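One structure is given here, and the rest of the page talks about it.
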Amino acid sequence: MFVFASRMLFDKWKSFVIYLIASIGFLEMYIALFPAIQKQAGQFSQLIKTMPPELFKAMNMDPQSFSFSNLQSYLSTEYMSFLWPILAIIFAVSLASYIAVNEIDKGTIETLASLPANRSRIFIERYMAGLLLLMGFCAISLFGAIPLAQFHNTEFIFGNFFTATIGSFMFIWAVYSLATLFSVILSEKGKSSMASGGVLILMYVLYIVSTLQDSMKNLKYLSFFNYFSGSELLAKNVYPEYTFLALGGFAVITTAVALLWFEQRDLSV
C-alpha cells in the first residue's frame, strides 16, 4: 500500500535534507548577524528613505520592513524576499519532475505503468508524497528560525512565523502544481524544468510591470508573486489579498488537469 509514495519519499529524502540544511544554515547566519545589524537600524531607515519607492515595488518588498527593528521585518527582507523562494521553487520543480517526466525521459515510464496499478494511483501517490515533502520544507525552513532565535537570545513573534508558513506553502503548492502539469505534458526533463521556470519568470515580469505602470496594474493578478509577500506574511502577519482563492484554486485546477492528461497521454513518446 502506498508503494509509489513510499518510493518517492525514499528517493527524495536526501534532496529534502540538503535543502533543509541550506535553509537552516542561512537562517543561522542571518539571525546571528541580527543583533549587530539591529544597532544600525536607524541608519538603514534613513538610507531607505532616499531610495525610489518603485525599486521596492519591483522587488515585492515593503520599505517599512527595512527598518530591521525586529526579527520578523529583518528576515522578511533578507530571507523571505529572495533566498527562500529560490530554494523552494527549485525543490518543487525537482519533485514535480519525478512524478512523470523523469521516468518518461529515461524510458522507464512504461515499466512503471505496467505494474498492477492504474495511472491515477501512481500520479496521486507521487503527487501527495511531493506535497508532503514541501509541507515539511515550509514548516522547518520557517519555524526553524524560532529555536535559533532562542539560542541567540533574540525576541520573536510566534504568530508571524505561523502566518508566513501557511502563506509560503500556498505559494509553493501553486508552483509545484504548475511544474507537475509540465511534467506530464512534456517528455524531456530539461524542457519541463525550462517551461516551469519560463512561466515563473514571465509571472515575475508581469508583476513588476503592473507595479510600475498604473495602466497595467491588473496584470498583477496573473502572477503568483502578487499573492506571496515576505513583508506581508512575516513582518506584518497578514495574508496578501486573495492568497488562498488564487493560489489554492490554481493548484487544485492545475492538478486535476495534470491527472487527466497523465491518464490519457501516450507514455511511449
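The values are calculated or read from the model by the stated rules, or taken from the named source; none is laboratory data. Everything numeric in this text was worked out from a predicted model, so none of it was measured. Positions of Cβ are generated from backbone atoms using ideal geometry, with glycine treated the same way; all protein chains shown enter the neighbour counts.
Taking the options Thr254, Thr154, name whichever one is out of contact with any strand residue (DSSP E or B) (no Cβ under 9 Å at 6 or more places or on another chain) and either part of a helix (DSSP H, G or I) or among the aliphatic types (A, V, I, L, M) (or both). Walk me through how you get there before you give the answer.
Working: Thr154 fails: either part of a helix (DSSP H, G or I) or among the aliphatic types (A, V, I, L, M) (or both).
Just a single option satisfies the conditions, and that option is Thr254.
Yes/no matrix, rows are residues, columns are (1) in contact (Cβ under 8 Å) with a residue 12 or more places away in the chain; (2) of a type outside the set (Ser, Thr, Tyr); (3) more than 16 Å from Ile89 (Cα to Cα):
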| position | (1), (2), (3) |
| --- | --- |
| Arg119 | yes, yes, yes |
| Ala149 | yes, yes, yes |
| Trp173 | yes, yes, no |
| Tyr176 | yes, no, no |
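Which of the numbered conditions does Met61 fail, given that it passes all the others? Conditions: (1) within 21 Å of the chain's Cα centre (by Cα); (2) modelled with pLDDT of 85 or more; (3) among the aliphatic types (A, V, I, L, M).
(2)
With the condition kept exactly as written, say whether any residue in the stretch 93-102 is closer than 25 Å to Glu241 by Cβ, in contact (Cβ under 8 Å) with a residue 12 or more places away in the chain and surrounded by fewer than 22 Cβ atoms within 10 Å (Cβ to Cβ). Steps first, answer last, please.
Step one: list which residues in the stretch 93-102 are closer than 25 Å to Glu241 by Cβ, which gives none.
Scanning the stretch 93-102, I find no residue that is closer than 25 Å to Glu241 by Cβ, in contact (Cβ under 8 Å) with a residue 12 or more places away in the chain and surrounded by fewer than 22 Cβ atoms within 10 Å (Cβ to Cβ), so the answer is no.
Do the conditions hold for Glu188, that is, is it surrounded by fewer than 20 Cβ atoms within 10 Å (Cβ to Cβ) and of a type outside the set (Phe, Trp, Tyr)? It would help to see each step written out before you state the result.
On the way: surrounded by fewer than 20 Cβ atoms within 10 Å (Cβ to Cβ): yes; of a type outside the set (Phe, Trp, Tyr): yes.
In short, yes.
Can you run down the residue pairs with Cβ atoms below 8 Å, 6 or more apart or on separate chains, where the first is in the stretch 121-136 and at pLDDT below 95 and the partner is among the hydroxyl-bearing types (Ser, Thr, Tyr) and surrounded by fewer than 17 Cβ atoms within 10 Å (Cβ to Cβ)?
none
So which of Leu245, Leu234 ends up being within 30 Å of Ile157 (Cα to Cα) and touching a residue at least 40 places away in the same chain (Cβ under 8 Å)?
Working: Leu245 fails: touching a residue at least 40 places away in the same chain (Cβ under 8 Å).
One residue alone meets the criteria, Leu234.
Could you tell me which numbered condition Tyr176 fails, if it satisfies all but one of (1) surrounded by fewer than 24 Cβ atoms within 10 Å (Cβ to Cβ); (2) assigned to a helix (DSSP H, G or I)?
(1)
Of everything in the stretch 203-225, what is part of a helix (DSSP H, G or I), crowded, with 16+ Cβ neighbours inside 10 Å and of a type in the set (S, T, N, Q)? Give them in sequence order.
Once the filter is applied, which keeps residues that are part of a helix (DSSP H, G or I), crowded, with 16+ Cβ neighbours inside 10 Å and of a type in the set (S, T, N, Q), the stretch 203-225 yields Ser210, Thr211.
Answer with yes or no whether Leu200 is closer than 22 Å to Arg126 by Cβ and assigned to a helix (DSSP H, G or I). Step through it out loud before you land on a result.
Working: closer than 22 Å to Arg126 by Cβ: yes; assigned to a helix (DSSP H, G or I): yes.
Against the criterion (closer than 22 Å to Arg126 by Cβ and assigned to a helix (DSSP H, G or I)), Leu200 qualifies.
Check whether at least one residue in the stretch 191-202 is at pLDDT 90 or above, within 30 Å of Thr108 (Cβ to Cβ) and of a type in the set (D, E, K, R), and report yes or no. Steps first, answer last, please.
In the first step, residues of the stretch 191-202 are kept if they are at pLDDT 90 or above; the result is 191-202.
Imposing the further condition that a residue be within 30 Å of Thr108 (Cβ to Cβ) reduces the set to 191-200.
Pick out the ones that are also of a type in the set (D, E, K, R) and you get 191.
Taking every residue of the stretch 191-202 in turn, at least one turns out to be at pLDDT 90 or above, within 30 Å of Thr108 (Cβ to Cβ) and of a type in the set (D, E, K, R).
Restricting attention to the stretch 226-245, does a residue exist that is farther than 19 Å from Glu78 by Cα, hydrophobic (A, V, I, L, M, F, W, C), exposed (fewer than 15 other Cβ atoms within 10 Å of the Cβ) and modelled with pLDDT under 95?
For the stretch 226-245, residues farther than 19 Å from Glu78 by Cα, hydrophobic (A, V, I, L, M, F, W, C), exposed (fewer than 15 other Cβ atoms within 10 Å of the Cβ) and modelled with pLDDT under 95: absent.
Out of Ser193, Ser183, Ser168, I need the residue that is part of a helix (DSSP H, G or I), hydroxyl-bearing (Ser, Thr, Tyr) and within 30 Å of Leu33 (Cα to Cα). Which one?
On the way: Ser193 fails: within 30 Å of Leu33 (Cα to Cα); Ser183 fails: within 30 Å of Leu33 (Cα to Cα).
None of the others qualify; the one that does is Ser168.
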